[in-house]
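Below is one structure, written out as structure tokens; the observations come after it.
The values are calculated or read from the model by the stated rules, or taken from the named source; none is laboratory data. A quick note: this is a predicted structure, and the numbers were derived from the prediction, not measured. Note: ideal-geometry Cβ built from the backbone for every residue, glycine included; neighbour counts use all protein chains shown.
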Amino acid sequence: MIKMQNVKKTYPNGVQALNGIDLQIDPGEFVYLVGQSGAGKSTFTKLIFREETATSGEIYVSGKDLTKMKRRDVPYLRREIGVVYQDFKLLPKMTIYENVAFALEVVEETPRNMRKRVMEVLDQVGLKNKARFIPDELSGGEQQRVAIARAIANYPKLLIADEPTGNLDPDTSWEIMKILEEINASGTTIIMATHSKEIVNTIKRRVIAIEDGLIVRDQHRGDYGYEA
Ligand code: ADP
Ligand code: ADP
């Protein structure tokens, strides 16, 4: 699914965010990305989504060589990747339905198929009955579920979740994890950056720890490994 070889990223201001990342993530894996703030986790996920480009090294995502990818091909890559953020990033003036439908409008869908798919993913996250609401009328956990529905609407092979439970209380966080686990069980690869010691130590998965732009630990069914 993802392969990186000696990937380095230096920002224009000279900050070396990634200093030589080597890794492989296979289809269907669930990977936690841990490490302190500033370690390079977001830069890592941004490279996969091609929001940033590597300074050197090789990156393959879903069989595509990102270092050789032309700008016009980036949308095709992004269609295969869903992204969920800590702060949800829903469009505040649009309804829940529209927030999800918006993600589908990019791909040519018939109106009928689109409606069907929007309601299907809203049902999957338990929010079919809130389709007409706007984000402000929903709790944080519900808003994150909408963001997840939007992220999976196009059947992505890969879901990147950047601290998806960072703004949520523990109970709500577990609900979100349950949904992410279901999505993973259906075959979608998940990379989740997190600071939650409880989640990582309870739902055991592969753990990749990044420090100062390097992978310092890569464990099958690993621990969080830092103080919470
Ligand atoms: P994390 O997600 O683990 O907190 P980041 O990837 O956001 O880490 O940041 C890694 C390093 O790169 C930090 O020193 C951060 O300040 C720096 N950085 C991140 N984004 C940018 C940017 N757009 N321009 C310059 N420096 C950046
Ligand atoms: P920003 O990029 O400043 O966060 P935008 O208004 O561009 O704000 O996007 C808000 C949210 O809507 C983001 O989460 C973004 O991923 C999503 N978004 C933007 N454009 C599209 C689009 N064409 N299809 C699906 N989602 C989109």
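Before moving on, here are some points about what is shown:
- Exactly one residue out of Glu109, Glu98 is more than 16 Å from ligand 1 (Cβ to nearest atom), modelled with pLDDT under 95 and out of contact with any strand residue (DSSP E or B) (no Cβ under 7 Å at 6 or more places or on another chain): that is Glu109.
- Neighbours by Cβ (under 6 Å, 6+ apart or cross-chain): first from region 163-185, over 21 Å from Lys41 (Cβ atoms) and at pLDDT 95 or above; second β-branched (Val, Ile, Thr) and buried (at least 18 other Cβ atoms within 10 Å of the Cβ): Ile179/Val125; Ile179/Ile148
This table checks each residue for (1) within 16 Å of ligand 2 (Cβ to nearest atom); (2) assigned to a helix (DSSP H, G or I); (3) of a type in the set (A, V, I, L, M); (4) more than 30 Å from Ile134 (Cα to Cα).
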| site | (1), (2), (3), (4) |
| --- | --- |
| Leu77 | yes, yes, yes, no |
| Val83 | yes, no, yes, no |
| Phe88 | yes, no, no, no |
| Asn99 | yes, yes, no, no |
| Phe102 | yes, yes, no, no |
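- Flag for Arg112 being exposed (fewer than 14 other Cβ atoms within 10 Å of the Cβ) and part of a loop (DSSP other than H, G, I, E, B): no
- Some residue of region 35-42 being assigned to a strand (DSSP E or B), surrounded by fewer than 18 Cβ atoms within 10 Å (Cβ to Cβ) and among the small types (Gly, Ala, Ser): no
- Any chance Ser42 is within 16 Å of ligand 1 (Cβ to nearest atom) and over 15 Å from the mean Cα position of the chain (by Cα): no
- Restricting Gly222, Gly213 to residues that are among the small types (Gly, Ala, Ser) and surrounded by fewer than 22 Cβ atoms within 10 Å (Cβ to Cβ) narrows the list to Gly222.
- Filter pass, Ala17 being touching a residue at least 40 places away in the same chain (Cβ under 8 Å), crowded, with 20+ Cβ neighbours inside 10 Å and assigned to a loop (DSSP other than H, G, I, E, B): no
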